[in-house]
Amino acid sequence: MIRPLVITLAAALLACSATHAAPAPANKPAAAKPHATMLDAAIAGSWRNAKDRARDQYRHPAQTLAFFGVKPDDTVIEITPGGGWYADILAPFLRNRGHYVAAIWDDVIPNQPQYRYSLNKTLREKFSAAPRIYGTPALPVFDPAKPVFGTPGSADMVLTFRNAHNWVADGNADTYFRAFFDVLKPGGTLGVVDHRAKPGSSLEAMKKSGYLTEALVIQLATQAGFRLEAKSQINANPRDNGNHPNGVWTLPPSNQHDAADDAKYQAIGESDRMTLRFRKPR
């Protein structure tokens, strides 16, 4: 079942190479960027399971990655990819010309939450089982207390999806944003998606609920040296008012709610989210 879509993705990669080899004449309108086709092929990949595909309606991967400007020859670091929801898209997309780096918690460090060890194991097994799909992504480990994500100035893009609220809760978000700044090339991009709190929410409310204000995330990034380049409403959800008994974890996919309330929270869907693009100055 994998073979046809692997071939499709390879064909898209070849089309991309052909386009770069023969640019359109100056008088002729340029063709659409071929990496959009490659990205669509990765999103449509048969290796993505049905449960993950069902979440595309909330996570909008094509629009989100296009907004961040991911290109097939980029070096992209994804911070703590979990079980690999975005890795299933990014690693195949970057396989032939770029470099996908999955930065994971150092599981040699003892006494971390158990889920970190199991997620790291899942991701390693995913990549090692299917090199024809994923290539050979790097999986460097980092110390959560002193995060370093690679050689300074080595990455084109750092992406983090629904992680910043954890760092804020742990009180070390500033160290993460400084580490992002260090690893990026001048002119590199930081893309952030996270659960969005109402403006003016207190820090304690944010820590408890898992929702962050855009102002706080922008402050963390700009203090680290980034420049806010653009905001997007791609991942907005107006049905989510952010007021739930167990914070953002009340909603799908965590579903920490009473069974009797399931229909109510399924109708809301996943959280309202900010989508922010930052630039490291040249």
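Coordinate-derived values only; no laboratory data. None of these values were measured; they are calculated from a predicted model. Don't worry about glycine lacking a Cβ; one is built from the backbone with ideal geometry, like all the others, and counts go over all protein chains shown.
Under a Cβ-Cβ cut-off of 14 Å, what is the net charge of the residues other than Arg282 that fall near it, where Lys and Arg count +1 and Asp and Glu count -1? That works out to +2. If you take every residue apart from Thr122 with its C-beta less than 15 Å away from the C-beta of Thr122, what net charge results, scoring Lys and Arg +1 and Asp and Glu -1? Computed value for this residue: +1. Think of it as helices only: each DSSP H run of n ≥ 4 in the chain is worth -39500 (n - 2.57), and spread over all residues that comes to -11500 deg cm²/dmol at 222 nm. Computed about its Cα centre, the charge dipole of the stretch 204-282 is approximately 680 debye, with only Lys, Arg, Asp and Glu carrying charge at their Cβ.
Neighbour counts of other Cβ atoms within 10 Å put Thr175, Thr250 in the fewest-to-most order Thr175, Thr250. Of all DSSP beta bridges located in the stretch 115-254, what percent are antiparallel, nearest 5? Percent antiparallel among DSSP bridges in the stretch 115-254 is about 10. Helix 114-129 axis versus longest C-alpha principal axis of the chain: approximately 10°, rounded to the nearest ten. With a cut-off of 17 Å on the backbone N, the residues of the stretch 238-272 near the modelled label site 7 Å out from Ala169 along Cα-Cβ are 242-257, 271-272.
Taking the Cβ of each residue in Glu229, Glu204 as the centre, tally the other Cβ atoms inside 10 Å and list the residues starting with the fewest. Placing the least packed residue first, the sequence is Glu204, Glu229.
The list [x] 121; [y] 132; [z] 150 gives values of volume of the Cα convex hull per residue in Å³, and only one came from this structure; which label was calculated from it? The value matching this structure is [z].
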